Amino acid sequence: MPSKLSIDQTHKLLDEVLASSPLEECHTCECFLGYLTRLELDAEQDLQALFSPYKPDKAFIHSCLGCDPCPPADAFASYLKAKNLIDPASL
Ligand SMILES: [Zn+2]
Ligand SMILES: [Zn+2]
């Protein structure tokens with residue numbers, strides 16, 4: 001049984017990743033986009049309206065600039081790790 005993210009959890013995760021990514025470049029980085037796509041898949045319902053403001057314009061999307069660390073990549077990794085350890089439904 002797949003566990004889904006609530007709207008509140010999704011909002012929190014998105015705000016956290018933006019807060020931890022000071023460089024605007026990281027908001028259009030494919031790492032951020034990968035994370036966004038994953039959260040969208042894991043959300044309990046269709047949250048198009050929630051996600052669309054965060055989605056970068058396709059024209060601006062670029063591969064990772066090699067920021068070390070890249071905050072969205074880090075957030076994505078820890079999200080996946082947490083997901084394997086704890087059921088988000090129990091948070
Ligand atoms: Zn980056
Ligand atoms: Zn990156």
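Computed from the coordinates by the stated procedures, all read-outs in this text should not be read as laboratory data. Remember, it's a predicted structure, so these values are computed and weren't measured experimentally.
Okay, here's what the table says:
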| read-out | value |
| --- | --- |
| Percent RCO, i.e. relative contact order, over the chain, from Cα pairs under 8 Å lying at least 6 residues apart | 43 percent |
| Amide H contacts of Leu5 (H built 1.01 Å from N, under 5 Å, at least 5 apart or other chain) | Ala43, Glu44 |
| Rule-of-thumb Rg ratio for the chain [Cα; 2.2 N^0.38 Å; N residues] | 1.06 |
| Karplus-derived HN-Hα couplings along segment 55-66 (A = 6.51, B = -1.76, C = 1.60, θ = phi - 60°), whole Hz, x at Gly and Pro | 6, x, 4, 3, 5, 9, 5, 9, 6, 4, 7, x |
| In Hz, Karplus ³J(HN,Hα) per residue of segment 33-48 (6.51, -1.76, 1.60; θ = phi - 60°; x = Gly, Pro) | 5, x, 5, 4, 4, 5, 5, 5, 5, 8, 5, 5, 8, 5, 10, 2 |
